[in-house]
Amino acid sequence: MSNSAPEDEITIPRKTKRLRRENEEDKLSDLPDCVILHILSFLNAKEVVRTCILSKRLNNFWKRIPNLVLHSTDFTTFKSFTKFVSKILSLRDGSIALQALDFERVGSIEPHLLKRIVNYAFSHNVQRLGISVKGDICHILPCISSCRTLTSLKLSVSPKGRHNYGRTLFPKSLDLPALTSLHLGNFAFCASDKGRTEPFSVFNKLNSLVIDNCTVKDAQILCISSETLVNLTMRNHSSDLYKIELSAPSLCTFAFTGTPYQKLCGSNLSSVKQVNIDAEMLSNYTEPPLVLLSWLLEFANIKSLTVSASTLQVLSLIPDLLKDKLTSLCNLKSLKVQLKPLSYGLSMTLRTAKLQKEVKAGSEPSSPIPDGIVDFLIQNSPSAEVDIIDCSR
């Protein structure tokens with residue numbers, strides 16, 4: 001195989017070639033090697049190669065970059081993407097440690113290619129790994145479990161087929177002692193004891209956790225227990241009903257996006273100071289998620305609350321909400337409301353509900369923020385600063 005750069009789909013305009021001949025050494029080429037490599041580390045692999053072939057001095061720098069970003073969306077065909085990936089793995093300088101690898105394939109991927117990528121990453125002591133693919137990844141999970149140097153892991157797996165119903169089972173044996181950041185997409189956590197599942201307690205250094213469109217299997221309770229967890233982000237777009245038990249005495253930030261149908265209860269949550277909620281509703285689910293209000297009661301000591309206008313609309317669906325006395329948010333310093341267009345599901349729910357004073361049949365709410373809802377949230381912190389932010393522009 002040729003040792004030249006993998007130039008598939010990389011074209012250089014004639015004018016650019018002429019300028020290169022006229023001025024061999026550009027400003028980038030004048031920089032020290034370490035600075036050049038640092039700059040290149042912010043580009044995806046295709047951009048790195050495209051940049052390096054413009055200068056004789058930089059011609060082989062793409063072989064030494066410590067970060068590899070390989071996304072199929074940067075290529076017009078999967079064949080050209082696969083060929084490019086193979087050349088990068090074959091020709092890259094093997095003596096250079098691989099700090100990070102971010103691989104993303106939109107659509108199905110051949111198992112042998114995915115396994116080759118993962119094996120390459122771990123044979124070069126990768127520290128940060130991101131894999132976003134469609135299909136089965138069970139054949140690479142044993143490799144991931146054996147990586148002792150991994151500090152950051154993102155696994156996002158979409159099921160094959162037209163309808164994305166199935167989810168990959170999260171392995172119970174995953175043991176990564178150095179892991180500080182974990183992002184999981186489309187996994188199912190299996191019950192281990194009396195209808196409970198506790199998949200994260202083995203990660204003793206975990207600082208940041210993202211749970212994206214995951215669910216539980218044969219369990220009613222998802223336990224998130226961590227002494228070290230600081231940031232927790234959850235995204236959910238289903239009406240799966242289960243309970244989330246949260247025990248994280250170091251947690252500072254909680255963020256949620258999607259449909260909040262899971263009951264949340266916590267212990268040792270007084271450390272949480274910032275909560276961000278962007279709630280929606282499914283068009284075929286007319287019952288309002290009453291648990292959303294209970295979430296605010298669990299995070300009683302927060303100082304900063306950011307909510308979308310849709311979150312306030314969902315809260316307003318709770319019967320007689322404004323008549324209740326809120327028993328939390330006594331230390332609130334900042335309330336931010338983000339305005340953006342309502343989703344189809346929530347719009348349909350509001351139409352169906354025919355809320356008096358808010359919605360006329362067949363029309364949108366007269367105001368994106370329901371009357372009285374902001375005052376309800378700051379009733380125990382009247383001096384809190386309220387900011388309305390238009391995110392639709």
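Values computed for the structure shown
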| read-out | value |
| --- | --- |
| Förster radius 45 Å - calculated FRET efficiency between Leu169 and Val386 (Cβ-Cβ, nearest 0.05) | 0.50 |
| Ellipticity estimate at 222 nm from DSSP helix runs (n ≥ 4, -39,500 (n - 2.57)) divided over the chain, nearest 500 | -6500 deg cm²/dmol |
| Area of Arg50 that stays accessible when all protein chains are in place (1.4 Å probe, Å², to 10) | 100 |
| Protein accessible area in the chain, 1.4 Å probe - carbon and sulfur % | 50 |
| Stretchable slack from Asn60 to Ser192, in nm (0.36 nm times residue separation minus alpha-carbon distance) | 42.5 nm |
| In Å², nearest 10: area of Glu298 left accessible to a 1.4 Å probe | 60 |
| Accessible area per residue, Å², the chain with all protein chains present, probe 1.4 Å | 49 |
| Of the DSSP H helices in the chain, those whose Cα atoms cover at least 15 Å axially and whose Kyte score averages 1.0 or more | none |
| Efficiency of FRET from Cβ geometry, Met348 and Ser41, R₀ 45 Å, rounded to 0.05 | 0.50 |
| Asp33-Ser367 FRET efficiency (beta carbon distance; Förster radius 51 Å; 0.05 resolution) | 0.30 |
| Whole-Hz couplings from phi, Karplus 6.51/-1.76/1.60, listed for the range 243-250; x for Gly and Pro | 9, 10, 9, 10, 10, 8, x, 9 |
| Shape of the range 47-100, Cα gyration tensor, a/c cut at 1.5 | oblate |
| Rounded if a/c under 1.5, otherwise prolate or oblate - the range 216-329, Cα gyration tensor axes | oblate |
| Of the chymotrypsin sites (Phe, Trp or Tyr not before Pro) in the range 31-72, those whose Cβ has at most 12 other Cβ within 10 Å and which sit in DSSP loop | Phe42 |
| Potential lengthening between Ser201 and Ser238 on full extension [0.36 nm per residue; Cα-Cα distance subtracted] | 10.8 nm |
| Prolate/oblate/rounded label for the range 310-355 (Cα gyration tensor, a/c 1.5) | oblate |
| Convex hull per residue volume in Å³, alpha carbons only, for the range 158-241 | 97 |
| With DNA, RNA and ligands ignored, accessible area of Ser267 (1.4 Å probe; Å², nearest 10) | 60 |
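The values are calculated or read from the model by the stated rules, or taken from the named source; none is laboratory data. Computed from a prediction, not measured in an experiment: that's the story for all the values here. Quick reminder, even Gly has a Cβ in these numbers, built from the backbone with ideal geometry, and neighbours come from all protein chains shown. The accessibility values were calculated without ligands, DNA or RNA, using every heavy atom of the protein model including side chains. Shrake-Rupley method; radii C 1.70, N 1.55, O 1.52, S 1.80 Å.
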